[in-house]
Amino acid sequence: MLGLLVLLSSTLLSAATVKQVRVWPAPDHTRLVFDLSGAAEHKLFTLANPSRIVIDLANSKMAAKLSALELAKTPIENIRSGKRGPSGLRIVLDLKSQTQPRSFSLKPNAKYGHRLVVDLVNKKKAEVKTVKQLATNGNSKRDIVIAIDAGHGGEDPGAIGPGRVKEKDVVLRIARELAALFKAEAGFKPVLIRDSDYYVGLRNRTRKARNAGADLFVSIHADAFKRSSARGASVWTLSERGASSEMGRWLAGRENSTDLIGGVGTLSKDSDNDVLEGVLLDMSMHSSISHSREVGSHVQRYMGKVAHMHKKQVQHAGFMVLKSPDIPSILVETGFISNPGEARLLQQRSHQRKLAQSIFNGIRTHFSNKPPPGTLLAWKQNGGDGKTTRYKVSRGDTLSVIASRNGVALKRLRELNGLTSDVIRVGQVLRIPAS
Ligand SMILES: [Zn+2]
């Protein structure tokens, strides 16, 4: 009897099973996630010639189908597993290119059980590009950089609506539409914080925006609420005090827990950054919040033309992703994916386009009103580096002829001279952009 009990409890404690494996290729790394039936100790090491990564799991066995994994966009040639000693499991990754591996375990949460995460970080760093981008930002006609952040991704699907529609997929499509609009607009440059299905940690999102020299950070979501009747789009900025509503607290709480689901490895430098960011926060947070509110209210106004809005004004809550001290930041909830009607709309390409267009219009309006110094927009508004020539209207001149003779758009000429119509008179002096 006693013997049987011992046997039972040892089998209960032993053998974590690898139930499933997921692969998430990102531009700078590939993430492998192993779903485990329980906690398991692991060891990771590399072997050369041929290049391999070995993961040993104590007291574990494999139940996932490794051959089904899509490895095309990863540094992995092949994954295989075998027994290691009496009860261990060995997983071998055969590599086709050099990577820097790191691994960590994640505890169970609302969405997942025990997970082992292995990140294969690409050897060639993206840092060089960052420096170059900042350098080109130094000239006097730089583009306004808009960091577009599609929420969630990879391990974190975000909210899930009727018919298994996932927030991460909907918001990525809207983000891409928005990026396309800015790409086509002179004076703007979009940067997608994620442009495929992988997870980016909250801190990394703002860090990526800063590295790109962003003038604005816009985070796009389509969340769920506990009541499926909740509907409407909304625009959010960071609250310095509490959230402006119960909804705000709820949404911010959900968003801020995304790292637990998406999985963030412990980076050694994080505690240093906390101190640094704390200092910066005090210095410039205030001005960036007031800019955020201005942009937010333009976006709110334009969105109101294409979508039902949850509230009439921009709302505030403690979203962590908005806590860049130096970059104005807004978060757009494009609708409630938990609401069947809105879930249907959010999946429609035409509605995604309308939403992107309205966000674009709001942002563009803000920056045309207040172009940051040193940008092409500021330069244009000053009549080309502040230099304009003067022209005295002669008999027979029309505004459109003067415009085309000088290669200036008629609208631009009107704006520059404060004209409300095309009527000009002989002898009138017009300002004309120098170039
Ligand atoms: Zn979200």
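The values are calculated or read from the model by the stated rules, or taken from the named source; none is laboratory data. Here the structure is a predicted model, which means the values were calculated and not measured. Counting neighbours? That spans all protein chains shown, and the Cβs are built from the backbone with ideal geometry, glycine included. When the accessible area is computed, the model is the full protein with side chains, heavy atoms only, and any ligands, DNA or RNA have been set aside. Shrake-Rupley method; radii C 1.70, N 1.55, O 1.52, S 1.80 Å.
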Determine one quarter of the surface area of the Cα convex hull of the stretch 23-104, which equals its mean projected area, and express it in nm² to one decimal. 5.5
Tell me the net charge near Ile337. Cut-off is 11 Å between Cβ atoms, Ile337 excluded, with +1 for each Lys or Arg and -1 for each Asp or Glu. 0
Can you classify the stretch 326-408 as rounded, prolate or oblate using the Cα gyration tensor, where a ≥ b ≥ c are the square roots of its eigenvalues, rounded means a/c under 1.5, and otherwise it's prolate if a/b beats b/c and oblate if not? oblate
Checking rank on 66-73, 340-347, 246-253, with mean other Cβ inside 10 Å and highest first, the result is 340-347, 246-253, 66-73
Compute the acute angle (0 to 90°) between the alpha-carbon long axis of helix 270-306 and the principal axis of greatest extent of the alpha-carbon atoms of the chain; round to the nearest 10°. 60
Could you give the C-alpha radius of gyration of the stretch 286-435 expressed as a fraction of 2.2 N^0.38 Å, taking N as the number of residues it contains? 1.44
Considering the chain as a Gaussian network with a 10 Å cut-off on Cα pairs, which listed residue, Pro373, Pro328, Pro75, attains the greatest mean-square fluctuation? Pro373
Which order do peptides 229-235, 182-188 fall in by mean Cβ count within 10 Å, highest first? 229-235, 182-188
For Cα pairs less than 8 Å apart in space and 6+ apart in sequence, what is the mean separation divided by the residue count of the chain, i.e. the relative contact order in percent? 14
Averaged per residue, what accessible surface does the stretch 292-418 expose to a 1.4 Å probe, in Å²? 48
Estimated Rh, the chain: Kirkwood, alpha-carbon pairs, angstrom: 24.8
Give me the Debye-computed log₁₀ of I(q)/I(0) at q = 0.17, 0.23 Å⁻¹ for the stretch 15-71, equal point scatterers on Cα only, no solvent, two decimals. -0.67, -1.09
Would you mind checking the tilt of helix 2-13 against the longest principal axis of the Cα atoms of the chain, expressed as 0 to 90 degrees and rounded to 10? 20
Between Thr389, Thr74, Thr375, which gets the highest mean-square fluctuation from a Gaussian network model of the chain, Cα cutoff 10 Å? Thr389
So the angle from the long Cα axis of helix 349-369 to the longest Cα principal axis of the chain, reported in degrees to the nearest 10, equals 50
Can you tell me the accessible area per residue over the stretch 157-246, all protein chains present, probe 1.4 angstrom, in square angstrom? 37
Hey, what D do you get for the stretch 141-192 in µm²/s if you plug the Kirkwood alpha-carbon radius into Stokes-Einstein at 37 °C and 0.692 mPa s? 273
Local electrostatic count at His152 - Lys and Arg +1, Asp and Glu -1, tallied over other residues with Cβ under 12 Å: -3
I need two numbers for the stretch 213-254: Rg to one decimal and Dmax as a whole number, Cα atoms only, in Å. 12.1, 40
Cα-Cα over 30 Å: which of Lys141/Lys312; Lys189/Lys411; Lys111/Lys189; Lys73/Lys226? Lys141/Lys312; Lys111/Lys189; Lys73/Lys226
